[in-house]
Amino acid sequence: MKMWEYIARRLLLIFPIIVGVLAVAFLISHLVPADPVGVYLGKRANDPVLRQQVTERYHLDEPLHMQFYYYVTGILQGDLGDSMLYKRPVGDILFEMLPATVELVIVASLIAIPAGIYLGVLSATRRNTISDGIARFVALIGISVPAFFLALVLQMALVSGVEVFPLGGRFPVGEDPPRDITGLYLLDSLLTLDIKSFFLSAYHIILPAFALGFSIIGYILRMMRSSMLEVLSSDYVRAARAKGVLQRVVIYKHALKNALGPTLTVSGLTIGGAISYTVFVESIFSWPGIGAIAVEWSKEVDFAGILGFTIFVTLAFLIANLIVDILYAWIDPQVRLGG
C-alpha cells in the first residue's frame, strides 16, 4: 500500500468519529437542566416576546433530533453556531483564542517529549541504578499529579511567595505584544526580531507550559523505558554488542529507532489530550486561550460554545493520531504495507 493510500484511509475515519462524538456531546449537553435563552437575554430574560424570538431563531422549541440536524447542517456550512454568552459566532471566538492555546501546547510538548524520551532511554540503559529510580519516580509523579494541582503548587511556590514568575497572563500589562503575524507570540517575536518581546513571552509561558508538559512526561517516559528494555534484549542488539559495537552506537543507532514507534503513539495521544488539560491550566494562570473560555461556557451551559470546544478537542486528537500514524508508517514500512 502506498503512503497516500494509507493516509486517505485514515482520513476517511475522521468524519464518522466526529459525528459520533458530536451526537453524544449534543445529547448530554441538552439533557442538563439549563436556560440558554435566559443566558442570551440576560436582564431581559423575563420578556416573553424576546424569549419566543430567541427560541425560534435557535430552534429550541423543536425536537432534539431536529436541533441536532440543524446544528450538523450548520457545521457542514462552516457555522459552529452563536455563543449565547458572548452573542458572537463560536468559530470566531475559537479562532481568536486558538493561537494562545496552540502556543502553550507546543511549548509544553517541546518540554515533555525530549525530556520523556531522554529519561526513558536513561532509565532503560541504567536499569536498577539510582538514575533509573529517579526517572521512574519522575514518571510516577507526572502520571499521578493532575495538571491543575501542579499548576496551583507552582503558583504558590514560585509566584505567591518569592514571585519568581508572573501570576498569570500571556504578556505584561501595559506592554505592547509583538506584531501579529501568526498569533504565536514567541514565533512572531522571532520573525520581527523583537528580542524583548520574545523574552517577555517566554517569561510568561514557561510556568503554565511546564505544568502542562509535566503531566505528559510520565506517560512518554514509561513507554520509552518499556520499549527500550524490550529492544535491548532482542537478538540483533546482542549480536551488535558481541561484535564490539560501541554502547552509544548500539543505543542511539540500533535500539532507539525501533523503540520510538510505541512512544510516538503515546505522544500523539497525550499531546491530543493536552488540549483538554489546558482548561485547568489556562484558568489558573489566566491564559487567554480556548481552555479558559470553555470554562465560562460550561458555567453558563452555553450549548454552542461547549460543542464547539468538543469539536476542537476531537479534531486535535484525530490530527495528532494521524500525524503519529504517518510517522509510524515512515519509521516502519511494514505498517503501511499491511505487514
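A short reminder: the numbers here are calculations on the coordinates, not readings from a lab. Because the structure is predicted, anything quoted here is derived from the model rather than measured. With ideal geometry, Cβ positions are generated from the backbone for all residues, glycine too; neighbour counts draw on all protein chains shown.
5 Å is the cut-off here: which amide hydrogens, built 1.01 Å from N in the peptide plane, fall below it relative to Ser286, excluding neighbours closer than 5 in sequence?
Gly169
For region 249-282 and region 56-124, compute the distance between their C-alpha centroids and round to whole Å.
Answer, in whole Å: 22.
Could you sort 149-155, 72-78 so that the peptide with the highest average Cβ count within 10 Å comes first and the rest follow in order?
Peptide ranking by packing, descending: 149-155, 72-78.
Each label point is 7 Å from the Cα along the Cα-to-Cβ direction; what then is the distance between the points at Leu50 and Leu327, in nm?
With each label placed 7 Å out from Cα toward Cβ, I get 5.1 nm.
Relative to the longest principal Cα axis of the chain, at what angle does helix 64-76 sit, 0 to 90 degrees, rounded to 10?
For 64-76 against the chain, the angle is about 60 degrees.
If R0 is 41 Å, what FRET efficiency do you get for Lys43 and Ile195 from their C-beta distance, rounded to 0.05?
Efficiency computed from Cβ-Cβ geometry: 0.30.
I'd like the orientation of helix 290-300 relative to the chain: the angle between its Cα long axis and the longest Cα principal axis, in ° from 0 to 90, rounded to 10.
Helix 290-300 sits at roughly 40 degrees to that axis.
Given the -39500 (n - 2.57) contribution per DSSP H run of 4+ residues, what per-residue ellipticity at 222 nm results for the chain, rounded to the nearest 500 deg cm²/dmol?
-24000 deg cm²/dmol
Output needed for the chain: three equivalent-ellipsoid semi-axes, defined as square roots of 5 times the C-alpha gyration tensor eigenvalues, in descending order, whole Å.
Working: eigenvalues 356, 144, 63 Å².
Over the Cα atoms of the chain, the ellipsoid semi-axes are 42, 27, 18 Å.
Apply 1/(1 + (r/R0)^6) to the Cβ-Cβ distance of Val145 and Val249, taking R0 = 41 Å, and write down the FRET efficiency to the nearest 0.05.
For Val145 and Val249, the calculated efficiency is 0.65.
What distance in nm separates the simple spin-label points at His30 and Glu96, each placed 7 Å from Cα in the Cβ direction?
Label at His30, label at Glu96, 2.8 nm between them.
Determine the gain in length on full extension of the stretch Tyr236-Arg136; use 0.36 nm per residue of separation and subtract their C-alpha separation, reporting nm with one decimal. If you can, show how the numbers build up before the last one.
On the way: separation 100, 0.36 × 100 = 36.00 nm, distance 2.68 nm.
Full-extension gain reported as 33.3 nm.
Could you give the dipole magnitude of region 91-289 about its Cα centre, charging the beta-carbon of Lys and Arg +1 and that of Asp and Glu -1, in debye to the nearest 20?
That gives region 91-289 a dipole magnitude of about 1480 debye.
Taking the 0 to 90 degree range and rounding to the nearest ten, how far is the long axis of helix 90-125 tilted relative to the main principal axis of the chain, both from C-alpha atoms?
20 degrees
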